[in-house]
């Protein structure tokens, strides 16, 4: 493709509409060279080899001091905006096969996350079961599903018990709203995203996780694990405080739900939820309020906001003065436990 100014770039098109692009999702390291060049325009030649070659992925991880990675979709972030549900499901299946094959050469060091289309919950649940048989260790679901079916809807119970029975987590990523979510700037048209939209994305994950809590999902499925991906972490203490306040002092808004276990919303966070973050010194400082056992650090390679290849420097700064047991949990042990890595 070509911009009006003559700049050429590669992208995916569906029925003539752009549905994905290169650029920022593949520009690891660019922030340290010239961040003004980070955008959503790129060509295949710009893509780092580690994004599609597992041998190169492991080598580039080692350059950054990273031994193992939980691999989550990059192009897949765009696909949740595709209006054709059957096409989205087909894309998810192909991606899931591909990421499972990608991880096969290094099963101890590379763990794959599936993509699920929850427009049809039965279909999504069956696909999750298939992905578990492929060796994948969790699954993306849209951060916001179809607008008329938020995650408090009982239709999702089939998916919740499937995830609980499989013992695999569900993940909500910053860029994965299903098409048509009111007020969300993450649409098929990347030009609609503004600075305000990009810097307030944690609203959607707060709403979806809160909807699950106040619908009693974690009462019914006490071993279900659901996590926030790439929204960073420092917002969490205030969100927990607001949910606890609402539960205790504004019960009219809970629509009759009361915890069967006598727990507060913040208790469900610490038991059933987790947060993946990259670069959040305030979040690390607030780790006790968030819950050390709920926090997982990642480099976000090969995205433009990745800390690669300077992750060690970032970690040294973020964790300065942090007790070693806390730092080890957040950078290694929590992820190993959740996704099935074996630590020496």
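Taking only DSSP H segments of four or more residues, each worth -39500 (n - 2.57), what value at 222 nm results for the chain once the sum is divided by all its residues, to the nearest 500 deg cm²/dmol?
Roughly -10500 deg cm²/dmol at 222 nm, from the helical runs in the chain.
Report the FRET efficiency, 1/(1 + (r/R0)^6), for residue 293 and residue 238, where r is their Cβ-Cβ distance and R0 is 22 Å, rounded to 0.05.
0.65
Using a basic spin-label model with each label point 7 Å from the Cα along Cα→Cβ, how many nm lie between residue 85 and residue 207?
According to this spin-label approximation, the distance is 2.0 nm.
Relative contact order for the range 51-338: what percent, with Cα pairs under 8 Å and sequence separation of 6 or more?
15 percent
What does the extension gain come out to for residue 328 and residue 12, with contour length at 0.36 nm per residue minus their alpha carbon separation?
Contour length minus the Cα-Cα distance gives 109.8 nm.
Between residue 53 and residue 97, what FRET efficiency comes out of the Förster formula 1/(1 + (r/R0)^6) with R0 = 22 Å and r the beta carbon distance, rounded to 0.05?
E(calc), rounded to 0.05, equals 0.80.
Over all directions, what mean area does the Cα convex hull of the range 254-303 project, stated in square nanometres?
5.0 nm²
Percent antiparallel among DSSP beta bridges with both residues in the chain, to the nearest 5?
Around 20 percent antiparallel, to the nearest 5.
Working out 0.36 nm times the residue gap between residue 129 and residue 320, then minus their Cα-Cα distance, what length gain in nm do you get to one decimal?
Answer, rounded to one decimal: 64.6 nm.
What FRET efficiency comes out for residue 285 versus residue 3 if R0 is 35 angstrom and r is the Cβ-Cβ distance? Round to the nearest 0.05.
E(calc), rounded to 0.05, equals 0.25.
With Kirkwood's inverse mean 1/r over C-alpha pairs for Rh, give me the Rg to Rh ratio of the chain, two decimals please.
A ratio of 0.94.
Computed from the coordinates by the stated procedures, all read-outs in this text should not be read as laboratory data. Here the structure is a predicted model, which means the values were calculated and not measured. We place every Cβ from the backbone using ideal geometry, glycine too, and count neighbours over all the protein chains shown.
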